[in-house]
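*Asks:* Below is the structure I would like to discuss, written out as structure tokens.
The values are calculated or read from the model by the stated rules, or taken from the named source; none is laboratory data. These numbers were taken from a predicted model, which means no experiment stands behind them. So basically every Cβ, Gly included, is an ideal-geometry build from the backbone, and we count neighbours across all protein chains shown.
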């Protein structure tokens with residue numbers, strides 16, 4: 001979230017961040033967002049509330065901002081089918097693995113246990129399938145022999161901070177869209193996610 005907001009402050013930024021929402025009232029990101037000049041709100045689910053009820057309230061709060069794009073950053077709730085359908089093609093997420101490998105949780109541990117030579121992160125559009133939406137861009141890191149979960153996570157996160165703002169910018173420049181179950185960049189369907197090399201695409 002910090003990287004995305006900070007990029008929005010650049011003189012040539014293609015987007016602004018309307019508001020930051022969290023389902024956790026003590027989330028550090030709320031204070032960080034405010035410190036960066038962005039409105040922030042905790043929308044805490046009632047203990048008895050069903051997921052659909054919470055998502056309806058969240059959708060109403062988001063719609064009040066009239067955003068072009070919803071960007072998930074550390075938002076760990078699984079969104080309901082109704083929420084995803086309402087904003088279909090307008091939600092991005094980032095996952096700490098080279099999808100379709102290792103969807104779900106504990107990716108760094110699972111990569112190490114599988115002795116994978118590479119790890120990374122994937123920005124993707126959100127669909128009803130958990131971590132299964134059309135991929136947009138990936139960044140890769142080599143897995144070192146002495147890596148543990150912390151060191152590997154640190155290197156992956158550094159790449160996340162590069163590719164996520166880039167994908168957001170593409171979308172807000174009109175270059176990136178989700179159509180027909182695929183990500184489209186510059187009018188072409190992506191058969192594979194863009195592989196980030198540090199050079200702007």
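*Asks:* Report, by residue number, each residue of region 82-98 that is outside any loop (DSSP other than H, G, I, E, B), farther than 14 Å from residue 135 by Cα and either out of contact with any helix residue (DSSP H, G or I) (no Cβ under 7 Å at 6 or more places or on another chain) or modelled with pLDDT under 95 (or both).
*Replies:* 84, 85
*Asks:* Considering each residue of region 129-149, count those that are within 21 Å of the chain's Cα centre (by Cα), without any contact (Cβ under 8 Å) to a residue 24 or more places away in the chain and in a loop (DSSP other than H, G, I, E, B), and give that number.
*Replies:* Going through region 129-149 one residue at a time, the tally reaches 1.
*Asks:* Give me the pairs: first residue in region 11-29 and on the phi < 0 side of the Ramachandran plot and free of Cβ contacts under 8 Å to residues at least 12 places away in the same chain, second residue surrounded by 15 or more Cβ atoms within 10 Å (Cβ to Cβ) and part of a loop (DSSP other than H, G, I, E, B), beta-carbon distance under 9 Å, and six or more apart or on different chains, which are they?
*Replies:* Listed by first residue and then by second, the contacts come to 16/38.
*Asks:* Give the residues of region 31-43 that are in a loop (DSSP other than H, G, I, E, B) and surrounded by 14 or more Cβ atoms within 10 Å (Cβ to Cβ), sorted by residue number.
*Replies:* Within region 31-43, the subset in a loop (DSSP other than H, G, I, E, B) is 36-38, 43.
Result: 36, 38, 43.
*Asks:* Among the residues in region 183-194, are any at pLDDT below 95, more than 16 Å from residue 73 (Cα to Cα) and in a loop (DSSP other than H, G, I, E, B)? Walk me through it before giving the result.
*Replies:* Our first condition is that a residue be at pLDDT below 95; within region 183-194, this holds for none.
No, there is no match, as no residue in region 183-194 is at pLDDT below 95, more than 16 Å from residue 73 (Cα to Cα) and in a loop (DSSP other than H, G, I, E, B).
*Asks:* Turning to a different aspect of this structure: Considering every residue within region 150-170, establish whether at least one is touching a residue at least 12 places away in the same chain (Cβ under 8 Å), in a loop (DSSP other than H, G, I, E, B) and either out of contact with any helix residue (DSSP H, G or I) (no Cβ under 6 Å at 6 or more places or on another chain) or more than 30 Å from residue 82 (Cβ to Cβ) (or both).
*Replies:* So far as region 150-170 goes, no, none of its residues is touching a residue at least 12 places away in the same chain (Cβ under 8 Å), in a loop (DSSP other than H, G, I, E, B) and either out of contact with any helix residue (DSSP H, G or I) (no Cβ under 6 Å at 6 or more places or on another chain) or more than 30 Å from residue 82 (Cβ to Cβ) (or both).
*Asks:* Every residue in region 96-114 that is more than 19 Å from residue 77 (Cβ to Cβ) and free of Cβ contacts under 8 Å to residues at least 24 places away in the same chain, please.
*Replies:* 101, 102, 110, 113, 114
*Asks:* Something else: For residue 101, state whether it is part of a loop (DSSP other than H, G, I, E, B), modelled with pLDDT under 95 and more than 14 Å from the chain's Cα centre (by Cα).
*Replies:* Values: part of a loop (DSSP other than H, G, I, E, B): yes; modelled with pLDDT under 95: no; more than 14 Å from the chain's Cα centre (by Cα): yes.
No; evaluated as a whole, the condition is false for this residue.
*Asks:* Look through region 1-30, keep the residues that are part of a loop (DSSP other than H, G, I, E, B) and in contact with a strand residue (DSSP E or B) (Cβ under 9 Å, 6 or more places away or on another chain), and return whichever of them is nearest to residue 93 (Cα to Cα).
*Replies:* 1
*Asks:* Mind listing whichever residues of region 32-56 are within 15 Å of residue 3 (Cα to Cα) and either touching a strand residue (DSSP E or B) at 6+ places or on another chain (Cβ under 8 Å) or modelled with pLDDT under 95 (or both)?
*Replies:* The answer is 33, 34, 38.
*Asks:* Taking residue 79 as meeting all but one of (1) buried (at least 19 other Cβ atoms within 10 Å of the Cβ); (2) assigned to a loop (DSSP other than H, G, I, E, B); (3) in contact with a strand residue (DSSP E or B) (Cβ under 6 Å, 6 or more places away or on another chain), write down the number of the exception.
*Replies:* Residue 79 satisfies all of (1) buried (at least 19 other Cβ atoms within 10 Å of the Cβ); (2) assigned to a loop (DSSP other than H, G, I, E, B); (3) in contact with a strand residue (DSSP E or B) (Cβ under 6 Å, 6 or more places away or on another chain) except (3).
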